[in-house]
Amino acid sequence: MSKQITVFAPATVANVGPGFDIFGFALEGIGDTISISETDTGEISITGGKHCESIPVDPKLNVAGVAVQAMFDEAGKTGAGVHLHIEKNIIPGSGLGSSASSASGAVAGVNMLLDLGFSSQELIRFAMIGEGAGGSTPHADNVAPCLLGGFTIVRSYDPLDVIRLPEIPELHVAIVHPQLEVKTSVSKKMLKREIDMKTATLQWGNIAGMVTGLLTKDYELISRSMEDHVAVPVRSMMIPGYDSIIQIAQDSNAIGASISGSGPSIFGFCKTGTEAKMLTGRFGEVFEELDIEYNLYVSKINPKGVSV
């Protein structure tokens, strides 16, 4: 009988506040389930279930297949065969790390199944290669928290250096996902290639404030540091109701709110689960008025990455 394993790969929030392409954290209860079996075909094969209608099953085009092949290449596993069945509980284009969950879950699961011996930090590189399968620039702000769990910081891409912050169990997250698709590749092309020194200085100060606030659990400092001067001013124009959502977060005394990934999902940090549930309800009212379907999620920062 062939070996089999099923893994859960959590959804993630990336580009957190000012942390464009460097900040990310894992969510609880939302994510992809990937069933992996060893085969004697000598090839990678893929089938898809829930929310996979628009996703290619060709392993050379699928983010999970590309990531696993990159891992096989480095491990020297020529002729290795695996089958991946992906059930997506994260709608593609939601801004909640859908492709990252597939790529991360696949490499982590195959690594465990075939006992390849790669560390979680090493798996980030392969998952990044998968993330770039659609032609976008590989980035780690989603795959890193998906694999490592918790809140992660990409200090450097060359060489890759990812830091995982200590657990922050007090923070709760309110998320609204309006049923609109915003492609990461498109939203990245809209951003300026260069920023001026004044903008850069503001951004660096907020990044430092965010990290300090998270380490010291200084919610007021986190709140002051959530402002982004690079991506959000551009990406918010693609999300109807964004300004109303941010105003509601401020009126509700949420710690802060911003776009998740490239959108259209928006998240807010809260001090308690009760506050997060109330905030999601008010987020939903905005899209009710706009006649846009939406999903609501309440989560804590998930300390676990991909798990069996």
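The values are calculated or read from the model by the stated rules, or taken from the named source; none is laboratory data. Please read all numbers here as calculations on a predicted model, not as lab measurements. Please note: Cβ atoms are built from the backbone with ideal geometry, for glycine as well, and neighbour counts cover all protein chains shown.
For the list (1) surrounded by fewer than 21 Cβ atoms within 10 Å (Cβ to Cβ); (2) on the phi > 0 side of the Ramachandran plot, I need the number of the one condition that Lys77 fails.
The number of the failed condition is (2).
Can you confirm whether Pro138 is over 27 Å from Leu221 (Cβ atoms), under 16 Å from the mean Cα position of the chain (by Cα) and not charged (D, E, K, R)?
Taking the combined requirement at face value, the residue satisfies it.
Out of the range 36-59, which residues are surrounded by fewer than 13 Cβ atoms within 10 Å (Cβ to Cβ) and in contact (Cβ under 8 Å) with a residue 40 or more places away in the chain?
Once the filter is applied, which keeps residues that are surrounded by fewer than 13 Cβ atoms within 10 Å (Cβ to Cβ) and in contact (Cβ under 8 Å) with a residue 40 or more places away in the chain, the range 36-59 yields Asp40, Thr41.
Pairs only if they're at least six apart or on different chains, beta carbon under 8 angstrom, first in the range 87-113 and assigned by TED's automatic domain parsing to the domain that holds Val66 and under 14 Å from Ile30 (Cβ atoms), second among the aromatic types (Phe, Trp, Tyr) and assigned to a strand (DSSP E or B); list them, first residue then second.
Gly105/Phe8
Report, by residue number, each residue of the range 60-86 that is within 24 Å of Asn142 (Cα to Cα) and among the polar types (S, T, N, Q).
Residues satisfying the conditions are Asn62, Gln69.
How about the range 9-125: which strands (runs of 3 or more DSSP E) wholly inside it have at least 3 residues that are aliphatic (A, V, I, L, M)?
23-39, 81-88
Could you tell me how many of the residues in the range 1-52 are in contact with a Phe, Trp or Tyr (Cβ under 9 Å, 6 or more places away or on another chain), of a type outside the set (A, V, I, L, M) and farther than 30 Å from Ile153 by Cβ?
Number satisfying all stated conditions: 0.
Are any residues in the range 90-138 at pLDDT below 90, of a type outside the set (A, V, I, L, M) and more than 21 Å from Asn302 (Cβ to Cβ), and if so, which ones?
Matches in the range 90-138: Gly93, Gly132, Gly134, Gly135, Ser136, Thr137, Pro138.
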